[in-house]
Amino acid sequence: GESVGLHLPTLSVQEGDNSIINCAYSNSASDYFIWYKQESGKGPQFIIDIRSNMDKRQGQRVTVLLNKTVKHLSLQIAATQPGDSAVYFCAENNSSYKLIFGSGTRLLVRP
Amino acid sequence: ETGVTQSPTHLIKTRGQQVTLRCSSQSGHNTVSWYQQALGQGPQFIFQYYREEENGRGNFPPRFSGLQFPNYSSELNVNALELDDSALYLCASSPVEGPSPEAFFGQGTRLTVV
């Protein structure tokens with residue numbers, strides 16, 4: 001069946017270090033993948049997306065890598081800041097009307 | 001802020017009751033999707049509305065229903081509430097049919113069923 005999962009439920013990093021959040025997906029027909037950030041009491045906020053025909057995409061302090069061979073997606077955050085503390089979700093879409101979300105990884109940034 | 005507003009922000013209902021949640025989409029967005037997010041989990045797709053019609057539905061029973069109005073705002077109705085319906089209900093709007101990276105989420109309505 002369709003599923004998007006995350007390897008680690010909680011990731012703790014030192015402020016200023018780089019963070020890597022991983023995600024596995026099972027639907028090889030997915031067209032694109034999206035990373036969302038959700039802070040406490042707020043809805044998910046779009047961070048970055050990547051199409052299935054790409055391997056890498058960079059944004060401001062963030063990079064998403066897609067490895068279709070092993071169905072793996074990662075979000076790299078450079079120079080992690082306290083404001084990056086949140087729950088991060090990956091989501092996938094296969095040209096249908098819905099996004100399929102994973103269960104999330106909580107990122108804790110230590111001062 | 002995304003421009004997507006949901007009301008109310010918090011709600012407590014008794015099992016068996018009915019509830020209506022509301023969503024105002026971002027200006028220019030004609031598609032609204034609803035998601036249910038249980039505590040500690042990712043959002044689960046309920047359904048999507050486009051041009052006032054249901055455009056797709058997730059694995060939710062018929063007691064979950066919705067509406068979209070000519071101004072693109074939307075309602076989510078849940079009948080015969082169950083304890084497991086306690087969750088954060090999220091509305092997302094986008095300018096195009098189907099899912100989109102341009103979908104913007106509201107802050108959600110926290111529903112507690114007792």
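The values are calculated or read from the model by the stated rules, or taken from the named source; none is laboratory data. Computed from a prediction, not measured in an experiment: that's the story for all the values here. In this analysis, Cβ positions are derived from the backbone assuming ideal geometry, glycine residues included, and neighbour counts consider all displayed protein chains. Only protein heavy atoms, including side chains, enter the accessible area calculation; ligands, DNA and RNA are left aside. Shrake-Rupley method; radii C 1.70, N 1.55, O 1.52, S 1.80 Å.
Assorted remarks:
- Interface area, B with A, accessible, probe 1.4 Å, both sides summed, Å² nearest 100: 1500 Å²
- Percent antiparallel among DSSP beta bridges (both partners in chain B, rounded to 5): 90 percent
- Chain A, accessible surface, carbon-and-sulfur percent (1.4 angstrom probe): 47 percent
- Of the residues B:Leu67, B:Leu21, B:Leu11, the one that moves most in a GNM of chain B with alpha-carbon contacts below 10 Å is B:Leu11.
- Entry note, chain B: relative contact order of 38 percent, from Cα contacts under 8 Å with a spacing of 6+ residues.
- Interface residues in the stretch A:17-45 - accessible area drops by 30 Å² or more relative to the isolated chain, probe 1.4 Å: A:Tyr32, A:Tyr36, A:Gln38, A:Gly43, A:Pro44
- Solvent-accessible area lost in complex, 30 Å² minimum, residues of the stretch B:42-85 relative to chain alone, 1.4 Å: B:Gly42, B:Pro43, B:Phe45
- Between the stretch B:1-68 and the stretch A:42-111, the alpha-carbon centres lie 23 Å apart.
- Compactness of chain B as Cα Rg over 2.2 N^0.38 Å, two decimals: 0.98
- Label-reachable residues, the stretch B:1-26, where backbone N falls under 20 Å from a point 7 Å from B:Leu67's Cα toward its Cβ: B:5-9, B:17-26
- Cβ-Cβ distance of B:Asn77 and A:Lys42, R₀ of 22 Å, FRET efficiency by 1/(1 + (r/R0)^6): the value works out to about 0.35.
- The distance between label points at B:Ser7 and A:Ala79 comes to 4.2 nm (points 7 Å beyond Cα on the Cα→Cβ vector).
- Take the Cα of A:Gln14, go 7 Å toward its beta carbon, and the backbone nitrogen atoms of the stretch A:46-86 under 13 Å from that spot belong to A:80.
- Chain B, accessible surface, carbon-and-sulfur percent (1.4 angstrom probe): 48 percent
- Accessible area of B:Lys13 in the full protein assembly, 1.4 Å probe (Å², nearest 10): 50 Å²
- DSSP-loop GluC sites (Glu not before Pro) across the stretch B:1-75, with at most 15 other Cβ within 10 angstrom: B:Glu1, B:Glu52
- Residues in the protein assembly as shown average 48 Å² of solvent-accessible surface per residue, probe 1.4 Å, ligands and nucleic acids excluded.
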